[in-house]
1. Which residues, taken from segment 106-144, are small (G, A, S), closer than 21 Å to P89 by Cβ and surrounded by 19 or more Cβ atoms within 10 Å (Cβ to Cβ)?
2. Under 7 Å between Cβ atoms, which residue pairs at least 6 apart in sequence (or on different chains) link something in segment 47-59 that is in contact (Cβ under 8 Å) with a residue 40 or more places away in the chain and surrounded by 13 or more Cβ atoms within 10 Å (Cβ to Cβ) with a partner that is of a type outside the set (D, E) and part of a loop (DSSP other than H, G, I, E, B)?
3. Can you name every one of the strands (runs of 3 or more DSSP E) wholly within segment 1-104 that holds 1 or more residues which are at pLDDT 95 or above and either of a type outside the set (A, V, I, L, M, F, W, C) or under 16 Å from the mean Cα position of the chain (by Cα) (or both)?
4. Return yes or no: is G77 small (G, A, S), free of Cβ contacts under 8 Å to residues at least 60 places away in the same chain, surrounded by 14 or more Cβ atoms within 10 Å (Cβ to Cβ) and farther than 17 Å from C29 by Cβ?
5. Restricting attention to segment 111-126, which residues are in contact (Cβ under 8 Å) with a residue 40 or more places away in the chain and touching a strand residue (DSSP E or B) at 6+ places or on another chain (Cβ under 6 Å)?
Amino acid sequence: MHMRLLVPTVLAALAATAAPASAQRAATCPHPGTLDGVSVLIECGTAKASVTFGATHLALKNGTCLKSSQNFSFGFGTIVAGTGLKRPPDSFQLLAGAGSSGTATVMVSRLGKNYIGDTIAYKLTHKRTAGTFSGTVTWALGNTKVAVRGSFTC
């Protein structure tokens, strides 16, 4: 499967598998919306992250953390669920298994380009409400690799 098609597929799986702690929270964060007539998923909540993406530092806020017995995820920004936008909005997503450490998948949209990495090392702390991650993501339409690392709190 081409990387350009893989990113929306993985994002849809992320939204479907990362069950929130309560039904009330699911109704508000993340929530569906539209951007220029295209369906999107809008992340919101109390999560914060400090991310180094290549040489750029990103201070992310208003993110969503979702935990279940099967996995853990956190996300920031607006995720495109459909096609039709010329330039995807900036977003950052991490999807990990149920363990307190291991490898995760990270998806980043930055300045109109999509990146994905599926061997990002992560470690969860504070009863799965904080953690760190590091690894490399690859541009979905080429071979450009970008180092990514950071920390987050839910």
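The values are calculated or read from the model by the stated rules, or taken from the named source; none is laboratory data. Values in this document were obtained by computation on a predicted structure and should not be read as measured data. So basically every Cβ, Gly included, is an ideal-geometry build from the backbone, and we count neighbours across all protein chains shown.
1. S109, G117, A140
2. That search, which allows pairs on different chains as well, returns A47/C154.
3. Per the criteria, 47-53, 56-67, 71-80, 91-97.
4. no
5. Once the filter is applied, which keeps residues that are in contact (Cβ under 8 Å) with a residue 40 or more places away in the chain and touching a strand residue (DSSP E or B) at 6+ places or on another chain (Cβ under 6 Å), segment 111-126 yields I116, L124.
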